[in-house]
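I have placed the structure first, in the form of structure tokens, so that the comments after it can refer back to it.
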Amino acid sequence: MADTQPPEKHAFAAEVGRLLDLVVHSLYSDREIFLRELVANAADAIDRRRFEALTHPALMPPEGAKIRIRADRPARTLTLADDGIGMTREELINNLGTIARSGTRAFGETLAAARPEDRPNLIGQFGVGFYSAFMVADRVEVTTRRAGADEAWTWASEGSGDFSLAPATREEAGTDVVLHLKSDADEYLDAARLETVVRKWADHVTVPITIERDGKDLPANEGTALWRKPKAELNEQAYTEFYRHLGHLFDQPWATLHWRAEGALEFYALLFVPSMRPFDFVEQERVSRVRLHVRRMFITDHAELLPPWLRFVQGVVDTEDLPLNVSREMLQSTPVLARIRKAVTNRVLTELKTHAKDADDYRKFWENFGSILKEGIWEDNEHRKDISILLRFHSTAVEGLTSFDDYVSRMKPGQEAIYVLVGDSVDAIKNSSQLEGFSARGIEVLLLGDPIDAFWPERMSEYDGKPIRSVSQGADDLAKVEAPAPQGEAADTTALVSALKAALGEAVSDVRTTERLVESAVVLAAASAGPDLQMQRLLRRAGRFGAAAPPVLEINPRHALIAALATRAQAGTDLAAEAGLLLDLARVQDGELPKDPSSFARRIETALARGLG
């Protein structure tokens, strides 16, 4: 110890105790996974140090930086030492005293639902790998020194309710993790057993790993850059193990892209599309984390080698066309990296188009990442056409998913546009009154239920020369398509329309009759100028809805309710209450709340009482 100062005692954050119980007891039979997690943490620490050294050369790790594993049978300890970035006192508290933001409850629920063979990989997925050490150890000590700092600290815990911190000494920056093994964990004191585990889980870690045997540090992993190997030398198992190590994921890759670009631009690439959506995907930043290597050396995972709408892709790109000491500023401006980005993006799109030919296979991808891919329609003009070919939708005409090309092939004679209806979910909108006129004419409508669906059609006004229109703005087009004979006689609504306009005032931009309703009495339509109704709702929820025109109230002149109100309007009856009720009914049908729910409820009660009386 650096001095005789007594260790500081700290309580774990509230969730850590529960987490430790879950890890130790629910994953007990798969304990070897702890070594994979600790090795991965050590490798990440060395990579981080190399990255920070790009702008602070004094932080460069020593030549031959590696991860050293040593078992001490008499002391019953297992030590993992690295030459990584290390941690400060505050980082020790933040990193080892609290839990990842995913939370214990979600971890436990996923753990309970997972098949036994999938459970070992859940630790890495939830970012709680360090705590897996307590599966084999009844005490863990972490001595660390941050690169560029003079102080070292020791964190220690027995995995119960607290941990201690004390000043320490470490000659060089890096971290030592010492596990005091449990009585039933003797196997991890055996060098041969440790090597077996390392080769199983971390053979492709590019940082050298050694295990002490007979007083010598002997290599324990191949450490070969897998992406530089010929494809003929690799099998599915090798790819899967590397994929799981790379992204701390636990599924099988849905697609694997491995190629070498040669010519004016040379690079190696090994990319993966997951078969499952990562647990914390929604919480992640909207940036690609594909790793950039230069001559096998990790540089950064912040090079944004793919656009945000392909951020689900994992992998490595390795080039010799950049200097090893490339700066962050250079990463943003170098034309070499811009050309690599373009080439990699185009290759991923080509792979997705190939997979899209198999509808069942592509459906799995679409359910996981389709909503992310659609972001590209909104923000990427260069690739919009390629992305549009990959889009899939639920529809009023077919089961499952359909494409724009399939939709166009089914368009009715006289139909000029591709019609879409946007809502909070497909289930919420498939029975919408907005669809009645289109269904009556056999016109297919694409049902869009993702939040991004309210935005991207603004940037993609047509496909294959066919305009894309919201059904709430496409009523005029219905007259161009042959319709079945209408049911019932249309009431004279001239007086009713005038009465409703007077009663509703500025709450609507217009009141008019419509032929697009069959069973419903009323429906809302967007004003001719301005955003679609779903976009208006999203803007209102975000507090950003400005002075856009209020909706149009359309009434069905063949509906019994409208006919009755038309008769009362002709008689000069005051219809103010009924006008408000009709507008609120239209709002409810469209997935909105009435302006005044209490008043709406009272009007319904009054109308029911009058009808029953």
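Set the bar at 25 Å for Cα to Cα. Now go through Lys231/Lys385; Lys430/Lys466; Lys385/Lys466; Lys353/Lys412; Lys9/Lys66 and name every pair that lies beyond it.
Table pairs above 25 Å Cα-Cα are Lys231/Lys385; Lys353/Lys412; Lys9/Lys66.
For the range 342-450, what does the accessible surface come to per residue with a 1.4 Å probe? Please give it in Å².
43
Share of antiparallel DSSP beta bridges in the range 345-470, in percent to the nearest 5?
Beta bridges within the range 345-470, antiparallel portion: roughly 40 percent.
Suppose the chain between Arg199 and Arg459 were pulled fully straight at 0.36 nm per residue; how much longer would it get relative to their current alpha carbon spacing?
Stretched fully, the Arg199-Arg459 segment lengthens by 88.6 nm.
Using the beta-carbon distance between Ala75 and Glu416 and R0 = 56 Å, what value does 1/(1 + (r/R0)^6) give for FRET efficiency, to the nearest 0.05?
After rounding to 0.05, the efficiency reads 0.10.
Once you put a point 7 Å from the Cα of Asp406 and another 7 Å from the Cα of Glu285, both along the Cβ direction, what distance in nm separates them?
Here the answer is 3.8 nm between the modelled labels.
Tally up the carbon and sulfur contribution to the accessible surface of the range 374-491 as a whole percent, 1.4 Å probe, everything protein left in place.
Percent of accessible area from carbon and sulfur atoms in the range 374-491: 45.
Any idea how far apart Val336 and Glu506 come out in nm if each label point goes 7 Å out from Cα toward Cβ?
6.2
Skip the ligands, DNA and RNA, and give the accessible area per residue of the range 170-212 with a 1.4 Å probe, whole Å².
For the range 170-212, the per-residue accessible area is 40 Å².
The values are calculated or read from the model by the stated rules, or taken from the named source; none is laboratory data. All values derive from a computational prediction rather than experimental measurement. For neighbour counting, all protein chains shown are included, and Cβ atoms are generated from backbone atoms with ideal geometry for every residue, glycine included. The accessibility values were calculated without ligands, DNA or RNA, using every heavy atom of the protein model including side chains. Shrake-Rupley method; radii C 1.70, N 1.55, O 1.52, S 1.80 Å.
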